[in-house]
Amino acid sequence: MGQSQVTSGKKVKRIAIIGGGGPAGLATLRVFREHISQLDAEETWDIVAFEAREDIGGVWFRSSATPPDSNEPPPSAIYDCLMINIPHPTMSLHNFPFPPSTYLFPNADVVIDYIHSYADHFNIRQYIKLNHKVTRAEWDNSKSEWTLNLSTGETWKGDHVIVASGHYHFPRIPSTITGLKEFKNVIHSAWYRNATPFKDKKVVVVGGGPSGRDITADLVGSASEVLWSVRTHTRSDKEENGLKKRVAIKGVEVDGKVTYEDGTSDENVDWVILATGYKFNYSFLPQIVEAFPPSGVLFPPALYNSKYHLYPLAQHLFPLPPPPSQTTTSPTIPPSAIAFIGLPSRLSPVPICEVQALAAIRLFQSASDPSLVDLDSQRRKLLERRNQILTSNPNAPEEEILAKLWHKMPDLEQYEYRKELVAFAAGYDEDKIKELEQRGWKFEDWVVEAYMNKDVLRAEWRDVEACGEADEYVRGVGTSEGWIMLMNRLLERAKRRKGELAILEEVASSNVMYTSP
């Protein structure tokens, strides 16, 4: 495969997307293709997306589970009962809503169909090379050039790399839980598919995130007993929704005794399921140091992967080198050479990926015009984030809390980040910001409100499905106005049901059984 060159008087900028078949890669590919179509006659950008798997879809492309003792986790961690945990109107791709009458919280099969429709609608499959895994990607500072080695034996050389390979593949196994290696019946949620193997078994599920919630709910009615271990829980032997709460797990013994941090224990546990998340893995990028960043060094010249975060990245997107006055060492990878798409979490991920791609265009343009990116301003923003995390968590170990919270953007923070990325893409020029917003790069207030009510909406939608009313609710709904009305209807339903439940509880508590004197 070729390298950067000048052809027929045009300068060709060559770009590769690593992980081009998932939602992040596809969104990036579409945004870049639209930009390429608007370039003037003097320049062209040649973009290719390398996808390791045999089809597009990323984590939403189902796979069978590899054996739990395999050294390689399954290509996809999708379990049978998975449905998205935010309303789909808040997570759909730019100017491409889900089809009319789609359930508000669709399952994985609906999502993968949507992803395929997106790729077909924007005609981007032709730029994706399936079954092309990038095994090594290395930057040569002396040549200002990337070299990518592929599983096919081919080599690609070019100017810029976009990493969109996701971070839900390599399971995080807590080192603090003793006895996991000795107790045979332990799996990570990456291998979980359904409740069938756990029928009539006593199961402890560890983790309070989305997969922990989904798996505990899925096991109820099949497992003989479901114990949900979460650090913030208080132990309770009273069943709530078919399960019992436990505090953080401490260890497990070979005979099935599970101990907890509060000193309590459970006997005869058959299975432990670890819904403990995933770790960052960029082993194909040898110039990234796999360690926590060096203590006291705010802007190291190399990127560090703590397994929780990449540091230092400006805008959670590109390498941020130290100020020239503080070092004579060239950065391992310069800012304009690489962009990481999709690192932020606890948010609506796909819209973030799209606007990150928009910002990456300006980043790559800065390779020939460094004035397009103000690195000093980005350093100040990075220090502000660092100080905000430390100030909000004064008693936490500094290294650990920075790593764990660095890319997390709960609730409203993600929307401020999206605004910031649009401003970055526009060079902080007010007129250009307005132009981008007029082209659809602005979210509406109702999107924020829907996201903030996601938990209530999801709980209510589950009840609507259980009552057999889902089809009636979504029939013919396809516009933004229609989805707003539907979600308002659900919120009103939730208020009404909450009021009815409160009345029933009051009546129940006031009833007194009398016996004859």
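The values are calculated or read from the model by the stated rules, or taken from the named source; none is laboratory data. Computed from a predicted structure; not experimentally measured. Every residue, glycine among them, receives a Cβ derived from its backbone with ideal geometry; neighbour counts consider all protein chains shown. The protein model used for the area step is the full one, side chains on, heavy atoms only, and it has no ligands, DNA or RNA in it. Shrake-Rupley method; radii C 1.70, N 1.55, O 1.52, S 1.80 Å.
If you scan region 60-80, which residues turn out to be open to solvent by 50 Å² or more (accessible area, probe 1.4 Å) and closer than 29 Å to TRP461 by Cα?
Within region 60-80, the subset open to solvent by 50 Å² or more (accessible area, probe 1.4 Å) is 62, 64, 67-69, 71-72, 75, 80.
If the condition is that a residue be open to solvent by 50 Å² or more (accessible area, probe 1.4 Å) and closer than 29 Å to TRP461 by Cα, then ARG62, SER64, ASP80 are the ones that fit.
Given the conditions (1) open to solvent by 20 Å² or more (accessible area, probe 1.4 Å); (2) part of a strand (DSSP E or B); (3) within 16 Å of GLU354 (Cα to Cα), which single one is not true for GLU34?
Going through (1) open to solvent by 20 Å² or more (accessible area, probe 1.4 Å); (2) part of a strand (DSSP E or B); (3) within 16 Å of GLU354 (Cα to Cα) one by one, GLU34 breaks only (2).
Could you list, ordered by first residue, the pairs with Cβ atoms under 6 Å in which the first is in region 52-65 and on the phi > 0 side of the Ramachandran plot and at pLDDT 95 or above and the second is of a type in the set (A, V, I, L, M, F, W, C) and open to solvent by less than 50 Å² (accessible area, probe 1.4 Å), at least 6 apart or interchain?
GLY57/ILE112; GLY57/ILE115
Going by what's in this entry, would LEU347 be described as crowded, with 19+ Cβ neighbours inside 10 Å and closer than 28 Å to VAL448 by Cα?
Yes.
Would you confirm, using the coordinates I've provided, whether PRO300 is under 19 Å from ARG380 (Cα atoms), in contact (Cβ under 8 Å) with a residue 60 or more places away in the chain and either among the β-branched types (Val, Ile, Thr) or open to solvent by less than 10 Å² (accessible area, probe 1.4 Å) (or both)?
Working: under 19 Å from ARG380 (Cα atoms): yes; in contact (Cβ under 8 Å) with a residue 60 or more places away in the chain: no; either among the β-branched types (Val, Ile, Thr) or open to solvent by less than 10 Å² (accessible area, probe 1.4 Å) (or both): yes.
For PRO300, the condition - under 19 Å from ARG380 (Cα atoms), in contact (Cβ under 8 Å) with a residue 60 or more places away in the chain and either among the β-branched types (Val, Ile, Thr) or open to solvent by less than 10 Å² (accessible area, probe 1.4 Å) (or both) - is not met.
Quick check on region 126-167: of everything there that is part of a strand (DSSP E or B) and under 22 Å from the mean Cα position of the chain (by Cα), which residue is farthest from TRP45 (Cα to Cα)?
Let us first name the residues in region 126-167 that are part of a strand (DSSP E or B), namely 128-129, 134-140, 145-150, 155-158, 160-163.
From what is left, the residues that are under 22 Å from the mean Cα position of the chain (by Cα) are 128, 134, 161-163.
Values: ILE128: 15, VAL134: 21, VAL161: 13, ILE162: 14, VAL163: 17 Å.
Restricting to residues being part of a strand (DSSP E or B) and under 22 Å from the mean Cα position of the chain (by Cα), the top hit is VAL134.
Yes/no matrix, rows are residues, columns are (1) of a type in the set (Ser, Thr, Tyr); (2) farther than 24 Å from ALA108 by Cβ:
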| site | (1), (2) |
| --- | --- |
| GLY22 | no, no |
| THR28 | yes, no |
| GLU42 | no, yes |
| TRP45 | no, yes |
| VAL48 | no, yes |
| PRO67 | no, no |
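So in region 391-407, with the set limited to residues that are part of a helix (DSSP H, G or I) and more than 29 Å from ILE86 (Cβ to Cβ), which one is farthest from the chain's Cα centre (by Cα)? So that I can check it myself, show each step before the final result.
Applying the first criterion (part of a helix (DSSP H, G or I)) to region 391-407 yields 391-392, 398-405.
So of that shortlist, the ones also more than 29 Å from ILE86 (Cβ to Cβ) come out as 398-399.
On the way: GLU398: 24, GLU399: 22 Å.
Out of the qualifying residues, it is GLU398.
Might you let me know whether region 408-427 holds any residue that is surrounded by fewer than 13 Cβ atoms within 10 Å (Cβ to Cβ), more than 30 Å from SER325 (Cα to Cα) and more than 22 Å from the chain's Cα centre (by Cα)?
No: zero hits.
Under 7 Å by Cβ, and 6 or more places apart or on different chains, what pairs join a residue from region 464-484 that is under 19 Å from PHE96 (Cβ atoms) with one that is crowded, with 17+ Cβ neighbours inside 10 Å and of a type in the set (Phe, Trp, Tyr)?
Close Cβ pairs satisfying both conditions: VAL474/TYR103; VAL477/TRP483.
Applying the selection to region 468-477, what residues are surrounded by 10 or more Cβ atoms within 10 Å (Cβ to Cβ) and not in a helix (DSSP H, G or I)?
GLU469, VAL477 - these are the residues of region 468-477 that are surrounded by 10 or more Cβ atoms within 10 Å (Cβ to Cβ) and not in a helix (DSSP H, G or I).
Using the structure shown, decide if ALA248 is touching a helix residue (DSSP H, G or I) at 6+ places or on another chain (Cβ under 6 Å) and modelled with pLDDT of 95 or more.
The answer is no for ALA248.
So PRO301 ticks every box in (1) at negative phi; (2) modelled with pLDDT of 95 or more but one. Which box is left unticked?
(2)
Going by what's in this entry, would THR234 be described as surrounded by fewer than 20 Cβ atoms within 10 Å (Cβ to Cβ), hydroxyl-bearing (Ser, Thr, Tyr) and assigned to a strand (DSSP E or B)?
No; evaluated as a whole, the condition is false for this residue.
If I ask for residues that are among the hydrophobic types (A, V, I, L, M, F, W, C) and without any contact (Cβ under 8 Å) to a residue 60 or more places away in the chain, which ones from region 90-111 would you list?
PHE96, PHE98, ALA108, VAL110, VAL111
Counting just the residues of region 93-125 that are in a loop (DSSP other than H, G, I, E, B) and modelled with pLDDT under 95, which one comes out nearest to ILE47 (Cα to Cα)?
Applying the first criterion (in a loop (DSSP other than H, G, I, E, B)) to region 93-125 yields 94-95, 97-106, 122-124.
From what is left, the residues that are modelled with pLDDT under 95 are 94-95.
On the way: HIS94: 20, ASN95: 22 Å.
Residue satisfying both the conditions and the ranking: HIS94.
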